[in-house]
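Participant: Sharing a structure, written as structure tokens. Questions coming.
The values are calculated or read from the model by the stated rules, or taken from the named source; none is laboratory data. Predicted model, so just to flag it, every value in this text is computed and none were measured. No Cβ is skipped: glycine too gets one built from the backbone with ideal geometry, and neighbour counts run over all protein chains shown.
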Amino acid sequence: MKRIMITAAVAASLAVAGTAHANKPDLKLGHVYGISGAMEKYARTLKEGLDMGFEYMTEGKNVIQGRKITVIEKDTQLKADLGRSLAAEAFGDDKVDLMLGPLSSGVVLAVLPIAEEYKKIMIAEGASNDITGKDWNRYVFRISRNADHDAVANALAVAGPNTYFGGIGQDYTFGHDGISAFEDAVKPVGGEMVIKEFVPMGTKDFTANIQRLLDALKDKPGKKYIFPYWSGGGSPVGAIMDTDPSRFGIQMILGGNILDVLKGYKRYAGSPGGTYYYYNLPENEVNDFLVIENYKRFGTPPDFFTAQGFGEAQFIYAALTKTKGETDTETLIQAMRGLKFMTPKGEVEMRAQDHQAMQAMYAVVYRDNPEYEWADNELVKEITKEEQTIPIRCMPKCDTSGSYWRTGK
């Protein structure tokens, strides 16, 4: 009799839970991003990471606080105007609770005003500093690194007294932000940016740009580096290396990237750089799960953007757990500001003032490991979030009350 009574109680409990779940609306997420085009591989691995992140956090149930997760995908095709209209469609017609995307920095910047217009949360996926800087609004949050993070990691990998740099980037916000942030990062440690080159998207002939870089650096004393900051295909790295800059004592600094790009880095073994993520660098249970699961599903390690998508899922889960499933915008903003949560890179903190995630970065040296198709990342140093000086660039628009996170204090 006692066993029957216990069983009945459990059944009743499950019935109540089921009814509660049935009465709660789906958690509708809009993922408006560049599924097709030059960043297709970025987008695909990001989505794989997002899916695995939700599975990990919900133990496969795909439910947060009784609300089933529904993701509505829309392809911006990397077009700013299309991104704006699709974001408005997601917020206005689909009534999504919050939106992720659009991956390309240029499209993200075009979409930011749509989030502000609808007063809905947007988790930005681009790296431009302007996203949480001069174009900031209180509805945007970013889990990924920004150009300052990239700059600090690459600068700390090589910069010091009597080091000289030439930068080359794409002639749009991502390239300008990355090179400018790198210049800011090398100055405090004794480095000097000698020349900056910016080229239009789609450029195929870098001859004149490379010659100007070499001419500006070749007679400098001390250590000399070229820093390319690039997104998508068509990188000038191969063309630069074909000129053999080492004959002038010039080295290349190579920022982290997806595994397909790292295949080309085998040619540049010994080059230093800084990266946001490489699968064997973080040591924690979350990353262990991600690596094992990605191998199971896709036969490869998780990629650069796989970790970002996974972290986005963990951020959403942590925020919704804190609000007990409530998605009212003001409630979410208060829950997300200052939120600490785990990712494949370890603990991340959402800086309250500008809604930029503060996180570890990695200084590495690229090695030609014959076991891999891509260049292996040998860890030189994990640069903790407390060691980084990441400026708050949204002032005076943003909230600068409370602790000043610029120096990690």
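Participant: Pick from 169, 83: which is in contact with a helix residue (DSSP H, G or I) (Cβ under 8 Å, 6 or more places away or on another chain) and within 24 Å of residue 254 (Cα to Cα)?
Facilitator: 169
Participant: Just to be sure before I move on: is residue 239 of a type in the set (Gly, Ala, Ser), closer than 30 Å to residue 42 by Cα and not in a loop (DSSP other than H, G, I, E, B) in the structure I sent?
Facilitator: Taking the combined requirement at face value, the residue satisfies it.
Participant: If residue 96 passes every condition in (1) surrounded by fewer than 23 Cβ atoms within 10 Å (Cβ to Cβ); (2) in contact with a strand residue (DSSP E or B) (Cβ under 6 Å, 6 or more places away or on another chain); (3) in a loop (DSSP other than H, G, I, E, B) but one, which one does it miss?
Facilitator: Every condition holds for residue 96 apart from (1).
Participant: Hey, another quick one. I'd like to check something: does segment 311-321 contain any residue that is surrounded by fewer than 17 Cβ atoms within 10 Å (Cβ to Cβ) and within 26 Å of residue 26 (Cβ to Cβ)? Talk me through it step by step, then tell me what you get.
Facilitator: Quick first cut of segment 311-321, residues surrounded by fewer than 17 Cβ atoms within 10 Å (Cβ to Cβ) only: 321.
Adding the requirement that they be within 26 Å of residue 26 (Cβ to Cβ) leaves 321.
Yes, some residue in segment 311-321 is surrounded by fewer than 17 Cβ atoms within 10 Å (Cβ to Cβ) and within 26 Å of residue 26 (Cβ to Cβ).
Participant: Right, something else. Could you tell me which numbered condition residue 224 fails, if it satisfies all but one of (1) in contact with a helix residue (DSSP H, G or I) (Cβ under 9 Å, 6 or more places away or on another chain); (2) not in a strand (DSSP E or B)?
Facilitator: Unmet for residue 224, out of (1) in contact with a helix residue (DSSP H, G or I) (Cβ under 9 Å, 6 or more places away or on another chain); (2) not in a strand (DSSP E or B): (2).
Participant: Would you pick out the residues in segment 140-158 that are touching a helix residue (DSSP H, G or I) at 6+ places or on another chain (Cβ under 7 Å), surrounded by 24 or more Cβ atoms within 10 Å (Cβ to Cβ) and not polar (S, T, N, Q)? Spell out how you get there, then give the answer.
Facilitator: Pass one, segment 140-158, residues touching a helix residue (DSSP H, G or I) at 6+ places or on another chain (Cβ under 7 Å): 140-144, 146-148, 150-152, 154-155.
After this cut, where a residue has to be surrounded by 24 or more Cβ atoms within 10 Å (Cβ to Cβ) as well, the list is 141-144, 146-148, 150-152, 154-155.
Within segment 140-158, 141, 142, 143, 147, 148, 150, 151, 152, 155 qualify.
Participant: State all residues of segment 229-254 that are among the hydroxyl-bearing types (Ser, Thr, Tyr), within 15 Å of residue 170 (Cβ to Cβ) and free of Cβ contacts under 8 Å to residues at least 60 places away in the same chain; if no residue qualifies, say none.
Facilitator: First pass over segment 229-254, keeping only residues among the hydroxyl-bearing types (Ser, Thr, Tyr): 229, 231, 235, 243, 246.
Of the ones still in play, those that are also within 15 Å of residue 170 (Cβ to Cβ) are 229, 231, 235.
Listed by number, the list holds a single entry, 235.
Participant: Could you tell me whether residue 406 is outside any strand (DSSP E or B), touching a Gly at 6+ places or on another chain (Cβ under 7 Å) and either among the acidic types (Asp, Glu) or modelled with pLDDT under 95 (or both)? Walk me through how you get there before you give the answer.
Facilitator: Working: outside any strand (DSSP E or B): yes; touching a Gly at 6+ places or on another chain (Cβ under 7 Å): no; either among the acidic types (Asp, Glu) or modelled with pLDDT under 95 (or both): yes.
No: the conditions fail for residue 406.
Participant: Which condition breaks for residue 78 when tested against (1) within 23 Å of residue 110 (Cβ to Cβ); (2) part of a strand (DSSP E or B); (3) aliphatic (A, V, I, L, M)?
Facilitator: Against the list (1) within 23 Å of residue 110 (Cβ to Cβ); (2) part of a strand (DSSP E or B); (3) aliphatic (A, V, I, L, M), residue 78 comes up short only on (2).
Participant: Across segment 288-336, what is the total count of residues that are more than 18 Å from residue 58 (Cβ to Cβ), in contact (Cβ under 8 Å) with a residue 24 or more places away in the chain and not in a helix (DSSP H, G or I)?
Facilitator: The total comes to 4.
Participant: Something else now. Let me spell it out: the conditions are (1) surrounded by fewer than 24 Cβ atoms within 10 Å (Cβ to Cβ); (2) within 25 Å of residue 382 (Cα to Cα); (3) aliphatic (A, V, I, L, M); (4) in contact (Cβ under 8 Å) with a residue 40 or more places away in the chain, and residue 193 meets all of them except one. Which number is the exception?
Facilitator: If we test residue 193 against (1) surrounded by fewer than 24 Cβ atoms within 10 Å (Cβ to Cβ); (2) within 25 Å of residue 382 (Cα to Cα); (3) aliphatic (A, V, I, L, M); (4) in contact (Cβ under 8 Å) with a residue 40 or more places away in the chain, just (4) comes out false.
Participant: Of all residues in segment 196-222 being at pLDDT below 95 and farther than 30 Å from residue 38 by Cβ, which is surrounded by the fewest Cβ atoms within 10 Å (Cβ to Cβ)?
Facilitator: Here the residue is 221.
Participant: Which one of these does residue 135 not meet: (1) in a loop (DSSP other than H, G, I, E, B); (2) touching a helix residue (DSSP H, G or I) at 6+ places or on another chain (Cβ under 8 Å); (3) touching a residue at least 60 places away in the same chain (Cβ under 8 Å)?
Facilitator: That leaves (3) as the condition not met.
Participant: Looking for something modelled with pLDDT of 95 or more, within 29 Å of residue 57 (Cα to Cα) and either of a type in the set (Val, Ile, Thr) or part of a loop (DSSP other than H, G, I, E, B) (or both) - is there at least one such residue anywhere in segment 365-373? It would help to see each step written out before you state the result.
Facilitator: Our first condition is that a residue be modelled with pLDDT of 95 or more; within segment 365-373, this holds for 365-373.
Add one more test, that the residue is within 29 Å of residue 57 (Cα to Cα), and what stays is none.
No: zero hits.
Participant: Now, a different point. Name the residue that is surrounded by the fewest Cβ atoms within 10 Å (Cβ to Cβ), counting only residues in segment 22-42 that are touching a helix residue (DSSP H, G or I) at 6+ places or on another chain (Cβ under 8 Å) and assigned to a helix (DSSP H, G or I).
Facilitator: In this case the residue turns out to be 41.
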